[in-house]
Amino acid sequence: MKKRLLAVFLTAAMTVTLMAGCGVPGGSSDEGDSEGLKRVTYSLREEPPTLDPQLMNSIPSATAAIHTCAGLTRNVEGEIRGDGAEDWEVSDDGLVYTFHLRDGLKWSDGEDLTAEDYVYGIQRLMDPATASTYSFLGAILKNGNAVNAGEMEVSELGVTAPDESTVEITLEHPATYFTAMTAMSQFCPARQDLVEEYGQDYAADPDKAAYSGPFVVSEWKHGDEIVLAKNDQYWDKDSINLDEIVLKTVADAKTGVAMWEEGELDITEVPTEMTDQYADQSEFVFDGANDYLALNMSEGRILQNKNLRLALNYAVNREEYIQLATNGVYEPNTRYVLPDVNGSEEGTNYGEEFPYEAFPVAGDVDQAKEYLNAAMSELGYSDPSEVVIELLTTDTDLAKKQAEVLQDQIQEALGITIEIRQVTYKQRLEMEADKDFDMVFTGWVPDYPDAYSYLELWLTDGSYNHTSYSNPEYDELVIGSQTETDPKARAEMLFQAEQIFLQDAGVVPLQLRRIQLLVNDNIENFNVYFVGYNYNLVYADIKE
Amino acid sequence: MAEITREKFKVVGKNISSMESISRPNIGYWQDAWRRIRKNKVAFFSLCLIGLYIILAIFAPILSHYTHYTQNVNEMNQSFSSSHWFGTDSLGRDLWVRAWMGARVSLTIGFTASIINGIIGSLVGGISGYYGGKVDLLIQRIVDVLYGIPSMIITLLLMVVLGNGVHCLIIAMICVGWIGSCRTVRGEVLKLRESDFVAAAKIMGVKDIVIIVKHILPNVMGLIITSVTMAIPNAIFQEAFLSYIGLGISPPDCSWGVLAKEGIQMLRVYPYQVFVPAFMICTTMLALNLLGDGLRDAFDPKLRGTE
Amino acid sequence: MAKYILKRIGLSIVTLLVLTTIVFVLVRLMPGDPFSSDKMTPEIRANMEAYYGLDKSLPEQYITYMNNLLHGDLGYSMKYVNQSVNRIIADAFPYSADLGIRALIFAVIFGVTLGVVASLNRGKKLDAVCIIIAIIGTSIPDFIMGSLLQYFFGIRWGLLPVAQYTSVAHTILPSIAVGFYTLAMVSRLMRASMLEVVTSDYTKTAKAKGLSKWRITIKHQIRNAIMPVVTVLGPLVASVLTGTFVIEALFAIPGLGKHYVQSISNNDYTLVLGMTIFFGAFLILMNLVVDILYGIIDPRIRLSGKGK
């Protein structure tokens, strides 16, 4: 017996030595020299798919990009400052923006950063050969759509550099939010020589790109982490306090929280299951997403019936839904436009300027039943259970839970049948585009902080209008707002359009996404914003 | 010395019936197996446990006054109690009912998928092994290719056609699942093909089909049954994995995999929620594994009649 | 022998080509497409399809792909736009392989030990303990196993790092989580085949020769009993070394595992194909290695070409 135990012990020892014997592929190398460096590490659920400014196609990418790129402007919690541009003028008709660059701008490799680089960046975004997913942003530029569709040469785009330090941009229509767009990475400068040298590998590795922003990419371990280091060539480097920002890919949010407790992460998201445990230590922030059920109003679809759509809207108890599905983290919402977008005056907020509650937050079952009865007599049903509506959603945990709660609530309140169909995200998009659904759980994240970003969706011929919603009155107001130069009148037109849309029950508004963040106490000046990126650590600092 | 005369003998005649009578009761193949399985205490207990789970899966949800889908905002995440025997989940649903509804799905998938897999696998494996040569080569290459196709693609494609349901998951599992039993059966048949009794049958001019059914099949039966019982856990696991990546059955229905996944999210806050499905998956696997071992012995013709 | 290996390799290449062709068609049948997103317009989609050559006919795309494949070029990922598939695999595979090797060492050493100990104590308590460990190993889904290990050793007791893959200490929990299932399988197989071996003639001969018990077990019995284990290990090595989705996600390890699942749900055609080819080639290679190993381990089989 003893001998046998000895044998077991020996093999165990052997295993341990074998395992210890060989190093680890990613082996930690920089642990030692990190002493004294000001470093902030935050977690991402998924690696940014690219760090190429014009190809940016996701919020994680864009979040990295605001640190490595210097746009003409910079967005700090909604306040637009000059970044590459020192100041700018707008023509009286609101169509021509003239940006004056700062003197002595440099790329991270020491080359001069000129107006030509900005022009090239924007041209590259719109060039069909670049195949950028986000080129739709450039539709606002003069000839933007034509260039992107390959009908015009890139040089005909409304972006020019009259001299080395001036960028002139001409728009298709006036847009007060345009300076917020120039802060986005897609409008950032690009290095023509490097793009031509590396082709598709441009920005694939730290040394295959140059950076214009406050930080440079100093290391990219694919799938694992991206290290951003302070850029000594940045014009405003004295305002930058951090030495390094590390973006760590941690797929499992629970793991992220455990790593935060271990001190491996400084900022991480808390999954809703753990909300209560960390409620005291957390910050709650809105990420700008507004989720709703889009309802298919195409010919022959059951939800073409307005009373049925209204019945759904009254049947949902949004308070209870939020409690069950998100543990109370998200905010129940009964309107369509994100209240956080800009109001008609500087510093105001659309939601405060035009308060609106389209449906009772806690629902109204009696009202819902009245609408249902009306709908059933119109549609020729006698028994509510014969009414079957399919709810299309994606395959994530949260999507499933949200759908389950809605299913139960609507079935309980109305006695109709809701069938959940879970598919992959890509399949959902395809089914949406094919108008092959009854209702779909979806949402919208704005690209610029303006109500128009939401309302343009439901124009009769809107690219993203997959529900066949069409109301001439709505179209007239939304299109009219584009040429209205009085900000107050414009905002009122948009608000009126929003009311019409909700009275038509075009969607079932549900929630504003709120994220629960664990942030280390010693981090100062960390801020978040809801358009274009999540986190902003540019001016952050670490307290001693 | 006494003489032995003819008279001393008498003809008793042939009593055919007594000559041919069998002194011990006739035990068929299946009877013998059943007799042996009953004697194997561990295997028999496992069989009973699985039987119990099946009975509970059928009746528990009917007898409870809760349903597996009714949510209750006032009873979220409650631990074990007299009203909720297994507690409630994050939507306030009764986990006792959900556990047995889950059992229905998981056991249905597990049994159906692995039995069909077993049948297809042993047919193809048998043909491949018995005929050998080019037939074998072709079948084995097909098997290699099938094994290399990511099963997730197959599942996704089937879901487009069939929707998310138990039948879709079962078909998806069958598409590649039969490969395992095909390989084992082929290996065994390859060996048996060269055995003396098959050679004898061939010399006597017995038809191929008869040889396969009468001589080879009983010899691989034990192996097939074992691999089927061992495949049930695999099917349940696979369903759990598909639930893990969000491709399981459509809510509010659930399986043990779904429950385990929902539970594991709550591990740090409400550990009991993962305990229930984990315990059920674990005990089922344990029982099936032990039963599989017992069955292997019970169906082995070499051990027939031995105690 | 050389002829046999050449024939096997030839067959493998044909198999791989057929596999590639089938998957090439299947990915394009999948619902959705690589470029769709919430904000996709037909014009942008056309640009992207042109960029990736998806606007050409399927046979043309196939010929282009196969031509590149012959040059060892798997193309660029459609999701990770700047990264080639070769690059993605080259970056992630070392992690998965490292984890897989550790898991296999752990599984084989403990699995064989457990199996041998169990068989030598047949019917005794120690046997029962070994069997129970083995069965538990095959009865817990890996996401539960991994989460429990992480929770207890990492979070609750703080003995080992919770996640990541930066030092040897970091590798222990994920290796156990990945290897436990294999360990259980190996120990069960080992026990069963050891039981056959202990009653064999050569064991009796060895005993009669008066060899020590240890010598018999190690030199004669284990060497023979390990055969079935080696057979099973072939495909197992391939799947363990090429990454596990669940465990890698749980422990934040940048391995290959996630690409199997995510490339498919992202409809990333090139990455799906690249992963399939990589895994398929690895699997075939492992099966070949197993067949050759068979000859080395099994004292009865000698490679026929050896004498020449």
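Using only C-alpha positions, report the orientation-averaged shadow area of the convex hull of the protein assembly as shown, nm², one decimal. Seen from a random direction, the Cα hull of the protein assembly as shown projects 61.3 nm² on average.
What shape does the stretch B:12-157 take by its C-alpha gyration tensor, where a ≥ b ≥ c are the square roots of the eigenvalues and a/c under 1.5 counts as rounded, a/b above b/c as prolate, and the rest as oblate? It is oblate, given that a/c is not under 1.5 and a/b is not larger than b/c. Per-residue Karplus couplings for the stretch C:280-287, computed as 6.51 cos²θ - 1.76 cosθ + 1.60 with θ equal to phi - 60°, are listed in order as x, 5, 4, 4, 5, 4, 5, 4 Hz, Gly and Pro entered as x.
Could you tell me how far the Cα centroid of the stretch C:205-258 sits from the Cα centroid of the stretch A:133-202, in Å? The stretch A:133-202 and the stretch C:205-258 have Cα centres spaced 59 Å from each other. In straight-distance terms, cross-link reach from A:Lys248 covers every one of the aspartates and glutamates whose alpha-carbon lies under 13 Å from its own, apart from those fewer than eight places away in the same chain; here that gives A:Glu46, A:Glu47, A:Glu219, A:Asp224, A:Glu225, A:Glu264, A:Asp266, A:Glu269.
What the Cβ-Cβ distance of C:Asp38 and A:Thr166 gives, at R0 = 35 Å and to the nearest 0.05, is a FRET efficiency of 0.45. Bridge orientation summary for chain A: considering DSSP beta bridges with both residues in this region, about 80 percent are antiparallel. Among beta bridges identified by DSSP and lying wholly in the stretch A:286-514, the antiparallel ones come to about 65 percent. Amide H contacts under 5 Å for A:Ala289: A:Arg513, restricted to partners 5 or more places along the chain or on a different chain, H placed in the peptide plane at 1.01 Å from N.
For the stretch B:160-252, state which GluC sites (Glu not before Pro) are in a DSSP loop and have at most 16 other beta carbons lying within 10 Å of their beta carbon. Within the stretch B:160-252, the qualifying GluC sites (Glu not before Pro) (loop, at most 16 other Cβ atoms within 10 Å) are B:Glu194.
Summing +1 for each Lys or Arg and -1 for each Asp or Glu among the other residues whose beta-carbon sits under 12 angstrom from that of A:Lys488 gives -4. Summing charges over all other residues whose Cβ lies under 10 Å from the Cβ of B:Asn77, with Lys and Arg as +1 and Asp and Glu as -1, gives -4.
Remark on A:Ile420: its backbone amide H falls under 5 Å from those of A:Leu391, a criterion applied only to residues 5 or more positions apart or on other chains, H modelled at 1.01 Å from N.
In order along the stretch C:172-177, the Karplus-derived 3J(HN,Hα) couplings, from 6.51 cos²θ - 1.76 cosθ + 1.60 at θ = phi - 60°, round to 5, 4, x, 4, 5, 4 Hz, and Gly and Pro are given as x.
Across chain B, the longest run free of exposed loop sites, meaning trypsin sites (Lys or Arg not before Pro) lying outside DSSP classes H, G, I, E and B with no more than 14 other Cβ atoms within 10 Å, spans B:15-206. Kindly identify chain A as rounded, prolate or oblate by the Cα gyration tensor criterion: order the square roots of the eigenvalues as a ≥ b ≥ c, call it rounded if a/c is under 1.5, otherwise compare a/b with b/c, prolate if a/b is larger, else oblate. Note, shape of chain A comes out oblate.
Sketch the reach of a paramagnetic label on A:Glu524 as a point 7 Å from Cα along Cα-to-Cβ, and name the residues of the stretch A:213-250 whose backbone nitrogen lies under 19 Å away. Within reach of a label on A:Glu524, which here means backbone N under 19 Å from a point 7 Å along Cα→Cβ, the stretch A:213-250 contributes A:237-245. Normalising the average separation of contacting C-alpha pairs (under 8 angstrom, six or more residues apart) by the number of residues puts the relative contact order of the stretch A:286-514 at 36 percent.
With the simple spin-label model, which puts each label point 7 Å out from Cα in the Cβ direction, the C:Leu6 to B:Lys191 separation comes to 3.4 nm.
Structure shown: which of B:Lys39/C:Lys209; A:Lys306/A:Lys400; A:Lys400/C:Lys79; C:Lys3/C:Lys213; A:Lys208/C:Lys39 lie over 31 Å apart, alpha-carbon to alpha-carbon? Result: B:Lys39/C:Lys209; C:Lys3/C:Lys213 exceed 31 Å. Please state the shape class of the stretch A:286-514: rounded when a/c is under 1.5, otherwise prolate if a/b exceeds b/c and oblate if not, all from the C-alpha gyration tensor. Taking the square roots of the gyration eigenvalues as a ≥ b ≥ c, the stretch A:286-514 is prolate.
Distance between the C-alpha centres of the stretch B:61-104 and the stretch A:330-359: 39 Å, rounded to the whole angstrom. Treating cross-link reach as a plain straight distance, find the aspartates and glutamates whose alpha-carbon is under 12 Å from the alpha-carbon of A:Lys369, omitting any fewer than eight places away in the same chain. Within reach: A:Glu412. How far is the Cα center of the stretch A:230-299 from the Cα center of the stretch A:60-83, in Å? Result: 17 Å between the Cα centres.
Taking 15 Å as the straight-line reach from the Cα of C:Lys124, none of the aspartates and glutamates fall in range once those fewer than 8 positions away in the same chain are excluded. Take the Cα of B:Phe9, step 7 Å toward its Cβ, do the same at A:Ile500, and the gap between the two points is 12.2 nm. Applied to the stretch A:188-201, the Karplus parametrisation 6.51 cos²θ - 1.76 cosθ + 1.60 on θ = phi - 60° returns per-residue 3J(HN,Hα) values of 7, x, 9, 9, 4, 4, 6, 4, 5, 6, 9, x, 5, 7 Hz, with x for Gly and Pro.
If R0 is taken as 60 Å, the Cβ-Cβ distance between C:Asn68 and A:Lys237 corresponds to a FRET efficiency of 0.85. The residues neighbouring B:Gly177, those whose beta-carbon lies less than 14 Å from its own, together hold a net charge of 0 under the Lys/Arg +1, Asp/Glu -1 convention.
Looking at the stretch A:469-510, none of the chymotrypsin sites (Phe, Trp or Tyr not before Pro) sits in a DSSP loop with at most 11 other Cβ atoms within 10 Å of its own Cβ. Between A:Val76 and A:Arg81, the built amide H atoms are under 5 Å apart, and every one of these is 5 or more places off in sequence or on another chain.
Distances between every pair of Cα atoms in chain B, grouped in 10 Å steps from 0 to the bin holding the largest one, split as 6, 21, 24, 20, 13, 7, 4, 2, 2, 1, 0, 0 percent.
Read-outs throughout are calculated quantities, based only on the coordinates presented, and are distinct from any laboratory measurement. The structure presented is a predicted model; accordingly, all values stated were derived computationally and were not measured. In this analysis, Cβ positions are derived from the backbone assuming ideal geometry, glycine residues included, and neighbour counts consider all displayed protein chains.
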